[in-house]
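Here is the structure we will look at, set down as structure tokens.
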Amino acid sequence: MRASRNGNILQHVDWVTIGLFLALTIFGWLNIYGASYTFDQTSIFDFSNRAGKQFMWIIGSVVLGGILLLIDYKTYDVLAYVAYGAMVLLLLATPFLAHDIKGSLSWISLGPVSLQPAEFAKCIVALAVAKYMGQYDYKIRTWRDLIVPFALIGVPALIIMVLQKETGSALVFAAFLLVFYRQGMSGYVLWIGVAAVALFIISIRWGGLALPWGTGSVGILTCMLLLTSIEIYFICKEHKMRWQPLILTGSVIMIYAICLLVNIWVSVPFDWVSMGVVVALVIYNIFVSLYWRKYILLIVAAFTLFCIGYTHACDFVFQKVLQPHQRIRIEVLLGMKEDPAGAGYNVNQARIAVGSGRFFGKGYLNGTQTKLQFVPEQDTDFIFCTVGEEWGFVGSFGVLLVYLLFILRLIEIAERQRNVSTQIYAYAVASIFLFHLTINVGMVLGLLPVIGIPLPFFSYGGSSLWGFTLLLFILLRLDAARMEQLR
């Protein structure tokens, strides 16, 4: 290890990132104390409460980080696949070893300590994906090149979601899509994900709302109009013919105008009309793609046909596949139901707590919503409530600013890497932290559904803290060795 021979490895470490890590961790610890504080409690180091226990986890994470920095950087690449295999076996065994905690089978008890293997799986998967995609001859040219990377993230995600019943931890693996996009994956894949979410929301939210004229639902008609727009866009984009956009758009408008006119005398099934318009555009799309050899349009046509079936299957998935508590959370978020004492209780209390802090906050340890235990999970998933209530807008903005600087620093570390594998791993780390931050703060503010993932370095828990520490300090060790690595 050349860094060890020429000088202390610590002089090559990015101390700015470590400083941000310590700032977030310490401030998070203070807020855990604020969230769990009771009026008869005197010490933040009282190991009988969560703040004292978190302090021990923090000491352990600092020691863990130091150990990770001293390990030869080549070890992480050599053991990536071995660790991945062991991790998959552990994830498979976890449901049989774990106790049922609020419907989840993801926690293994080791005496007085409970660990969640899913939190460590993110780091192992990132190393395995980085090793595979960092091969000398690897490039994303076609969809076949993504089969293995998708399998590497899909296998643990499915195990965690299906066997362990931990949806939030499984969804975190979607962050790897940003890494694939950065490495050359078509942006169409991301748009497919956005379209799938949009169609699901529209069909669920307005699928049962009848049209004011004719027969059919607002949700299905809206989805079909969205698919119509996608078809017209890609046909005109790939086959640039003069007046074609106007002709296609005008034809669609004319069909709907005729149907509205006919509806004066006879009720028109607009669901079927809208599907017919989409299918007609798909047929035209296929003809154009074969005649002009624009084969990307065949993929668009296949995707559109899939979306027609997917739109009609959303209601079945929503009613039969999702768990009751998941359905209620989505219904509350979309405004389909009002349940302030049930599924909407957490979010309502969280928003009250954040809003009550106003500009400067109520002061440290003076939060009434948290002290009176109005906010459930206030020192874990909803820890940001304590920040908003006790430190106000100023404190919340400051915390988000530090997170922003932290993630930008991770991106800077990724950009300066000489080794492709290390660069991919760095982008994976940045994406995972960004995903956690966005989802956690979004659900506290009521902008996203409650899926239960921790806020990095803030939420109480040793598994999450050590999992994030593994992610970060392995990256710092690889970054410290960048001068030793070849492109």
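Numbers at a glance
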| item | result |
| --- | --- |
| Sole exception among (1) more than 17 Å from the chain's Cα centre (by Cα); (2) modelled with pLDDT under 95 for Leu408, by number | (2) |
| Inter-residue pairs, beta-carbon under 6 Å, first in a helix (DSSP H, G or I) and in the stretch 301-315, second of a type in the set (S, T, N, Q), 6+ apart | Ala301/Asn285; Thr311/Ser203; Cys314/Ser203 |
| Among (1) within 30 Å of Tyr425 (Cα to Cα); (2) among the aliphatic types (A, V, I, L, M); (3) in contact with a Phe, Trp or Tyr (Cβ under 7 Å, 6 or more places away or on another chain), the one test that Ala195 misses | (3) |
| Filter result (of a type in the set (A, V, I, L, M) and out of contact with any Phe, Trp or Tyr (no Cβ under 7 Å at 6 or more places or on another chain)) within the stretch 435-465 | Ile439, Met443, Leu445, Leu447, Leu448, Val450, Ile451, Ile453 |
| Verdict on Pro454 being at pLDDT 90 or above and within 16 Å of the chain's Cα centre (by Cα) | yes |
| Test set (1) modelled with pLDDT of 85 or more; (2) more than 18 Å from Gly461 (Cβ to Cβ); (3) part of a loop (DSSP other than H, G, I, E, B) - Leu365 fails condition number | (1) |
| Failed criterion for Glu390 (all others in (1) modelled with pLDDT under 75; (2) touching a Phe, Trp or Tyr at 6+ places or on another chain (Cβ under 6 Å); (3) acidic (Asp, Glu) hold) | (1) |
| Considering residues of the stretch 231-248 that are among the hydrophobic types (A, V, I, L, M, F, W, C) and touching a residue at least 24 places away in the same chain (Cβ under 8 Å) only, the residue least open to solvent (accessible area, probe 1.4 Å) | Ile235 |
| Flag for Gly219 being within 39 Å of the chain's Cα centre (by Cα), assigned to a helix (DSSP H, G or I) and within 30 Å of Ile299 (Cα to Cα) | yes |
| Total residues in the stretch 204-230, condition over 28 Å from Leu246 (Cα atoms) and crowded, with 16+ Cβ neighbours inside 10 Å | 4 |
| Residue within the stretch 78-99 that is surrounded by fewer than 18 Cβ atoms within 10 Å (Cβ to Cβ) and at pLDDT below 85 present | yes |
| Complete set of residues in the stretch 249-303 that are surrounded by 12 or more Cβ atoms within 10 Å (Cβ to Cβ), among the aromatic types (Phe, Trp, Tyr) and under 14 Å from Gly214 (Cβ atoms) | Tyr256, Phe270, Trp272 |
| Which numbered condition Ile192 fails, given (1) within 26 Å of Tyr291 (Cα to Cα); (2) open to solvent by less than 20 Å² (accessible area, probe 1.4 Å); (3) of a type in the set (Val, Ile, Thr) | (2) |
| Close pairs (6 angstrom Cβ cut-off, 6 or more residues apart or separate chains): among the small types (Gly, Ala, Ser) in the stretch 66-83, modelled with pLDDT of 90 or more anywhere | Ala80/Leu127; Ala80/Ala128; Ala80/Lys131; Ala83/Ile124 |
| Which listed residue is under 30 Å from Asp379 (Cα atoms) and in contact with a Ser or Thr (Cβ under 9 Å, 6 or more places away or on another chain), from Gly111, Gly134, Gly60 | Gly60 |
| Helices (runs of 4 or more DSSP H) fully within the stretch 43-156 counting 1 or more residues that are under 25 Å from Pro454 (Cβ atoms) and among the polar types (S, T, N, Q) | 50-70, 80-97 |
| Identity of the residue in the stretch 36-70, β-branched (Val, Ile, Thr) and surrounded by fewer than 14 Cβ atoms within 10 Å (Cβ to Cβ), that ends up farthest from the chain's Cα centre (by Cα) | Thr42 |
| Residues of the stretch 183-216 satisfying the condition of being touching a helix residue (DSSP H, G or I) at 6+ places or on another chain (Cβ under 7 Å), in a loop (DSSP other than H, G, I, E, B) and not hydrophobic (A, V, I, L, M, F, W, C) | Gln183, Gly207, Gly214, Gly216 |
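The values are calculated or read from the model by the stated rules, or taken from the named source; none is laboratory data. Note that the coordinates shown come from a computational prediction; the quantities given were computed from them, not determined experimentally. FYI the Cβ positions are ideal-geometry reconstructions off the backbone, even for glycines, and counts take in every protein chain you see. Note: areas computed on protein heavy atoms with side chains; ligands, DNA, RNA excluded. Shrake-Rupley method; radii C 1.70, N 1.55, O 1.52, S 1.80 Å.
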